[in-house]
Amino acid sequence: MPHPPIACTVVGSPEAGSGYAPVMTAASVATSGNELARQWRDPLARTGTVARGVLYVIIGVLAIQFAHGDTTSDQVTQAGAIETLAEQPFGKFLLVAMTLGLVCLCVWRLIQTFVGDPVEGDDAKDRIKYFGKAVIYGVLVVTSAKITIDNWDGGTETQQASGGGDSQQQHATSTLFDLPAGRWIVGIIGLVLIGAAIYEVYHHSVEASFMKRIAPEGHGVGRGIEIIGRIGYAARSVAWAMSGVFFVVAAVQYDPTESKGLSGSLQELAGNSWGRIVLWATAIGLFLFGIFCLAEAKYRRRT
């Protein structure tokens, strides 16, 4: 019975006494690379999720402080949360740890883009979502690295260095307005954010779909994670929806200053009597989302 062909090339000749070694084909190299990526997927996911959890815990604390009147809304940003680490004991080393954690988060999403995920999905739409998140986290890595370098060199600038509050977002919106159909692009970004917020509320706050990623030890732990997850996702969705609305308003009025992110959205809420209730709920919810991320890092299903 004939032997099946072997997918490698033999180099050298045993008759010549020079030895021989198999040369890996492109297919086998790709297979080995995918297997290596799968092996790293779980530790990178857990490390990156811890970094995201710490980031949201700090954002939540800053939002609560703003609601209480102890800080300005300009501080309640992702950059502001990272800069807060610099003010802590061993702040420089905490900044390095945060940056490395965010790198893990970005690389994990890139791995999911190429090899999929047995828990979160392998479909094309899932991989597009993973890639989009990798890009977002990549931008955050750059921000964190810049803040780390500035502080390591003895720099004292904080919000000015990162373009405090919504100034970066407004500058980006102004740049988009200069592009062909830029006004439409800004409007579409707003609608996408609103759509993403509605999706998050339905799938996570209502259906608790995130629990498929969790393997808790005991019913009580699982129930607690589910509760804080529902609240946390709802709070994050409120922030996304408000930011989306401001993008749409900026597009309609053709005014980049109308574009607002988290800090501007919270500032708007603080300016209304009814809004303070939403402000407090969102602030506490963002803090709980950070706690949920830390719990997910511990109880996440192995992938």
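Inter-part distance, region 88-103 to region 45-80, computed on C-alpha centroids, equals 15 Å. For the listed residue pairs Lys129/Lys212; Lys92/Lys260; Lys129/Lys260; Lys146/Lys212; Lys260/Lys298, the alpha carbons are over 27 angstrom apart in Lys92/Lys260; Lys146/Lys212; Lys260/Lys298.
Using only alpha carbon positions, build the gyration tensor of region 59-119, then give the equivalent ellipsoid semi-axes as the square roots of 5 times its eigenvalues, largest first, whole angstrom.
Details: eigenvalues 178, 52, 12 Å².
Over the Cα atoms of region 59-119, the semi-axes work out to 30, 16, 8 Å.
Computed from the Cβ-Cβ distance with R0 of 35 Å, the FRET efficiency linking Glu35 to Ala281 stands at 0.20. Rolled with a 1.4 Å probe across the full set of protein chains, the surface gives His203 an accessible area near 50 Å². Packing-based ranking of 253-266, 179-192, 134-147 yields 253-266, 134-147, 179-192, ordered from highest to lowest mean Cβ neighbour count within 10 Å. Each Lys or Arg adds one and each Asp or Glu subtracts one; over the other residues with Cβ under 13 Å from the Cβ of Ile64, this totals 0. Hydrodynamic estimate: the Kirkwood radius of region 230-303 over Cα pairs, inserted into Stokes-Einstein at 4 °C and 1.567 mPa s, corresponds to D of 96 µm²/s.
The values are calculated or read from the model by the stated rules, or taken from the named source; none is laboratory data. Everything numeric here is computed off the predicted structure, so don't read it as measured data. Glycine gets a Cβ as well: all are built from the backbone with ideal geometry, and neighbour counts include every protein chain shown. Accessible surface is based on the protein model in full, side chains and every heavy atom, while ligands, DNA and RNA are left aside. Shrake-Rupley method; radii C 1.70, N 1.55, O 1.52, S 1.80 Å.
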